[in-house]
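The values are calculated or read from the model by the stated rules, or taken from the named source; none is laboratory data. On a predicted model such as this, the values are computed, not experimentally measured, just so you know. Ideal geometry is used to build each Cβ from the backbone, glycine not excepted, and the neighbour counts take in all protein chains shown. For accessibility, only protein heavy atoms count, side chains too; no ligands or nucleic acids. Shrake-Rupley method; radii C 1.70, N 1.55, O 1.52, S 1.80 Å.
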Amino acid sequence: MPLSSTIRLAPLAAGGGLAVFGGVLLLIGLVSGGGEGKLDYQIDVKPTVMTVAYKAYGNPEAADGKYWLGKVELENDGDASLDNLEVSYRIPGHLDSWTTPEAAEQLLPGQTASLAIYPQLPRSVTTIRTRTPATLEVKLAWEQDGETQEQIERRNFEFRGVNEIEYTSLPADEVLGWYDVYDNAELTAAFVTYEDAVVRQFFGKAVELGGAGAPVVSDLKSLEKMARSVYDFMTKSGMTYAGNTGVPEKIGDAAAYTQSVRLPRDVIYQNSGLCIELAMLWAALAKGAGAEAYLVLVPGHCYPVLKASDGSLLPIESTGVGGTNLGGVMSFEQAVQSGVKQFRELQAGKNPGIIVNVTQEQSRGVRPPEFGQTDIAGLNDMLTKRVQTARNDPRPNPNPNPGPNPNPNPNPQNIGGNVVNIAGLQMSYPMGFQQNPVAVQQIQPYLPSYVFNAMDQTGMRSIEGYDFGQSSPQQAIGQIQGFAQQMGAMIQFGQPQQQQVGSGQATFAQLQVSNGQFMLVGGMYFIQSPQGNLVGIAATSPQGDNSWQQTLATLVGGR
């Protein structure tokens with residue numbers, strides 16, 4: 001029997017089975033009948049529960065078990081065993097019956113056990129609109145000297161209203177940095193209600209207006225087509241950004257750690273939303289269309305990033321629909337351009353930020369709540385009127401001067417005079433890419449060989465240049481992998497191969513980059529420069545997008 005065990009409690013009402021935290025008592029012959037067992041315990045409960053994410057509190061797999069409601073620490077502080085130890089609980093008014101007890105046959109002297117409580121709360125908790133007090137009752141029972149002992153302990157907590165989001169559950173004096181403010185960031189995935197009939201109806205009307213038919217978001221082009229239909233429907237039917245209330249900006253202000261956030265259906269009905277509400281609506285619509293979705297939380301703001309099945313990413317400034325606090329409605333191109341700019345700045349490390357992978361978090365148990373009956377006929381009438389309003393909008397685009405497409409597919413043949421010189425090795429790169437000296441400044445102190453970076457306007461495709469001096473390709477690969485490991489990323493190289501490049505030889509290796517959120521694929525050439533230095537030239541693009549091959553061919557094509 002282990003000295004410390006962990007069990008997870010589940011109530012009988014939800015079909016939870018009996019979990020035994022005790023084991024086979026191997027030392028039973030060593031336990032004497034003398035002395036007396038003594039049960040010491042400590043019971044902790046979270047001060048609040050977000051009812052919109054009530055399923056996460058009942059799922060030990062959600063966020064790796066982070067969202068328990070209570071914890072019970074048990075210890076036998078006596079010098080004899082405690083027998084037939086049982087623990088059960090209830091939440092009067094919500095889970096009225098005692099759960100099936102968790103049981104241990106014996107708890108030996110000095111032995112401890114830790115129990116985490118994950119209650120299967122009823123759907124009715126989502127009817128709670130304001131902070132509501134509740135009580136967790138824990139019943140402990142055991143046998144001591146042949147007599148049954150019982151103790152009931154009560155710990156108070158509060159249910160938050162279904163529209164309340166609590167960005168962190170840490171005490172105010174433990175919020176020491178900006179990331180602590182978003183300790184509960186993954187629970188935002190519970191607001192992404194893509195299965196809601198209201199969201200589905202709204203998406204259907206957007207597609208109807210765009211005349212695109214049922215979209216298949218397989219690549220960047222199809223993802224943009226779907227997103228444009230949604231964006232045009234929003235702007236032309238009058239959806240607006242509701243105000244300047246974003247998300248927490250700084251530490252030290254406990255009042256800013258909570259916020260009233262409406263669900264996507266409420267944003268649709270009211271035709272307006274805060275930045276985080278609009279971002280959640282976009283994530284829900286994207287999920288309903290078969291794309292993946294991310295919520296990007298930065299100080300004072302939140303915006304969505306959509307992902308096609310081939311790995312292409314599309315950041316969108318969801319507040320571009322305009323409102324009283326903005327200068328007007330952005331075109332779809334401008335909204336994407338703004339989203340891309342913010343996302344690139346985040347990638348470059350200019351601002352702190354947290355990227356919530358909605359698909360991943362929902363698959364791990366942070367699931368949206370269910371809804372009751374929806375007036376489908378009334379909803380359809382409302383949205384049909386909005387479609388008519390949108391069709392009567394004379395503007396082909398909310399802004400007649402959208403500027404250049406912020407998401408051009410790079411044309412490797414369109415070189416246009418963009419030239420980079422590394423250790424005497426001169427190469428041309430596509431016009432769709434712009435130099436990014438900020439990235440070089442941030443990386444070079446840790447990787448001195450890193451001398452050049454350029455990105456296309458999406459920020460998803462990049463070119464990198466290295467001056468490795470007198471190193472070999474194997475040593476150069478080791479430098480890059482060592483740096484990536486320090487930064488919490490992983491770079492895997494394929495088997496290096498000799499290839500003919502122009503009139504000379506070069507070493508080529510495919511590569512794959514992952515940071516736990518996104519995956520990039522690409523390749524790198526190691527070429528000897530006229531000065532005798534080893535130069536590395538790499539091109540990468542999102543997983544499933546092989547444009548890096550043409551980009552790299554353009555770079556080395558004249559060698």
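Before moving on, here are some points about what is shown:
- So Tyr446, is it closer than 30 Å to Asn546 by Cβ, modelled with pLDDT of 75 or more and in contact with a Ser or Thr (Cβ under 9 Å, 6 or more places away or on another chain): no
- The lone exception for Glu370 - which of (1) within 30 Å of Asp183 (Cβ to Cβ); (2) at pLDDT 85 or above; (3) surrounded by 13 or more Cβ atoms within 10 Å (Cβ to Cβ) it fails: (3)
- Number of the exception - Ile491 against (1) open to solvent by 30 Å² or more (accessible area, probe 1.4 Å); (2) part of a helix (DSSP H, G or I); (3) more than 23 Å from Met427 (Cα to Cα): (2)
- Checking each residue in the stretch 494-538 for being open to solvent by 40 Å² or more (accessible area, probe 1.4 Å) and closer than 26 Å to Val358 by Cα picks out Gln512, Asn515, Gly516, Gln517, Met519, Leu520.
- Enumeration of residues in the stretch 356-380 that are free of Cβ contacts under 8 Å to residues at least 12 places away in the same chain and assigned to a loop (DSSP other than H, G, I, E, B): Gly372, Gln373, Asp375
- Asn546, sole failed condition from (1) surrounded by fewer than 20 Cβ atoms within 10 Å (Cβ to Cβ); (2) under 27 Å from Val438 (Cβ atoms): (2)
- Residue within the stretch 464-483 that is among the acidic types (Asp, Glu) and farther than 27 Å from Ser218 by Cβ present: yes
So that you can scan it fast, the table gives a plain yes or no per residue for (1) assigned to a helix (DSSP H, G or I); (2) open to solvent by less than 50 Å² (accessible area, probe 1.4 Å); (3) among the β-branched types (Val, Ile, Thr); (4) touching a helix residue (DSSP H, G or I) at 6+ places or on another chain (Cβ under 8 Å):
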position: Tyr179; (1), (2), (3), (4): yes, no, no, no
position: Thr188; (1), (2), (3), (4): yes, yes, yes, yes
position: Phe203; (1), (2), (3), (4): yes, yes, no, yes
position: Val207; (1), (2), (3), (4): yes, yes, yes, yes
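- Taking residues in the stretch 337-354 that are touching a residue at least 24 places away in the same chain (Cβ under 8 Å), and partners anywhere that are open to solvent by 40 Å² or more (accessible area, probe 1.4 Å) and in a helix (DSSP H, G or I), the pairs with Cβ atoms closer than 6 Å and at least 6 places apart or on different chains are Ala348/Val438; Gly349/Gln442; Asn351/Glu345.
Quick grid of which residues meet (1) closer than 30 Å to Asp79 by Cα; (2) open to solvent by 20 Å² or more (accessible area, probe 1.4 Å); (3) among the charged types (D, E, K, R):
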position: Arg123; (1), (2), (3): no, yes, yes
position: Thr127; (1), (2), (3): no, yes, no
position: Ala134; (1), (2), (3): no, no, no
position: Val138; (1), (2), (3): yes, no, no
position: Glu143; (1), (2), (3): yes, yes, yes
position: Gln149; (1), (2), (3): yes, yes, no
position: Phe157; (1), (2), (3): no, no, no
position: Arg160; (1), (2), (3): no, no, yes
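- The residue pairs whose first member lies in the stretch 37-59 and is closer than 20 Å to Ala189 by Cα and touching a residue at least 40 places away in the same chain (Cβ under 8 Å), whose second member is in a strand (DSSP E or B) and open to solvent by 10 Å² or more (accessible area, probe 1.4 Å), and whose beta carbons are closer than 7 Å, counting only pairs six or more residues apart or on different chains, are Thr48/Glu158; Thr48/Arg160; Thr48/Glu166; Val49/Arg160; Met50/Arg160; Met50/Glu164; Met50/Glu166; Thr51/Arg160.
- Residues (among the acidic types (Asp, Glu) and assigned to a strand (DSSP E or B)) located in the stretch 154-173: Glu158, Glu164, Glu166
- Selection status of Ile480, part of a helix (DSSP H, G or I) and surrounded by 19 or more Cβ atoms within 10 Å (Cβ to Cβ): yes
- Scanning the stretch 434-475 for residues that are in contact (Cβ under 8 Å) with a residue 40 or more places away in the chain and closer than 16 Å to Lys341 by Cβ returns Asn436, Val438, Ala439, Met455, Asp456, Gln457, Thr458, Gly459, Met460, Arg461, Ser462.
- Filter result for Leu136 (of a type in the set (A, V, I, L, M) and part of a strand (DSSP E or B)): yes
- Scope the stretch 130-163; condition of a type in the set (D, E, K, R) and closer than 16 Å to Tyr54 by Cα; matching residues: Arg131, Glu158, Arg160
- Evaluation of Leu69 against (1) touching a helix residue (DSSP H, G or I) at 6+ places or on another chain (Cβ under 9 Å); (2) farther than 17 Å from Lys139 by Cα; (3) open to solvent by less than 20 Å² (accessible area, probe 1.4 Å) (one fails), failing number: (2)
- Checking Lys55 against (1) modelled with pLDDT of 90 or more; (2) among the charged types (D, E, K, R); (3) exposed (fewer than 14 other Cβ atoms within 10 Å of the Cβ), the condition it does not meet: (3)
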